[in-house]
Amino acid sequence: MWFFTPKIRMEKLYRIMVVDDEPEILELFQLHIKREDIDVITFSSPNAALAALRKEYWDVLVTDIMMPEMDGFSLIHHAAHIEQKIPCIVITAYGTDEVLKKALESDCFGYLHKPFDWNYVNLLVDKAIKASRRLRRQSGKTWNLQAKKY
C-alpha cells in the first residue's frame, strides 16, 4: 500500500540580496545557495537594489565590485546609510591587494573571488546570516512583520 506524504513547504526565513550586472552570476547564486530557508533575490541594477533596501528587510547583501551603474563599494556605502546592520560580501574577478584593502576598509563581512567555490560561498553566507541576526539582536532592531512579508 502506498501512502502519499505531502511535502511541507518551508517558509523562507532569511533574505539575501545579490547584485551583479552579469545575469549568469545571478542565476548561479540562485542555483547554488543550498538552504531551503534562504530566499535569494537578485538585482542586475545597484539602484534597484537600493530601492529594495529602503522598502524591505534583508539579512545579507552580496555585491559585485565592478558594475557600470555604480561600483559595489558605493552600493555598500549607500546601503550602510539605509540599513546599518547588514553584512556585506563582495564579489570580484580582480583579486588585487588594492581591492582587498578597500573591502576591509569598507567593513565587508567577506570577499569572494570568481570563479566561485560554492561550498565556501554557502559557508560564508551561513556565517553572514548568523552575524546579521546577532547584530540585530544586539542593536534591539525590530521590523514590522505585518507590513512586510518574508
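The values are calculated or read from the model by the stated rules, or taken from the named source; none is laboratory data. As the structure is a computational prediction, the values presented were derived from the model and not from experiment. No Cβ is skipped: glycine too gets one built from the backbone with ideal geometry, and neighbour counts run over all protein chains shown.
Return the residue satisfying two criteria in turn: it lies in the stretch 117-150 and is in a helix (DSSP H, G or I) and farther than 20 Å from Val40 by Cβ, and of such residues it is modelled with the lowest pLDDT. Residue satisfying both the conditions and the ranking: Ser139. Examine the stretch 4-21 for a residue that is at pLDDT below 90, of a type in the set (A, V, I, L, M) and under 21 Å from Val125 (Cβ atoms), and state whether such a residue exists. Within the stretch 4-21, one or more residues are at pLDDT below 90, of a type in the set (A, V, I, L, M) and under 21 Å from Val125 (Cβ atoms). Considering the stretch 47-63, and only residues there that are under 15 Å from Tyr14 (Cβ atoms) and in contact with a Phe, Trp or Tyr (Cβ under 6 Å, 6 or more places away or on another chain), the residue that is modelled with the highest pLDDT turns out to be Asp59.
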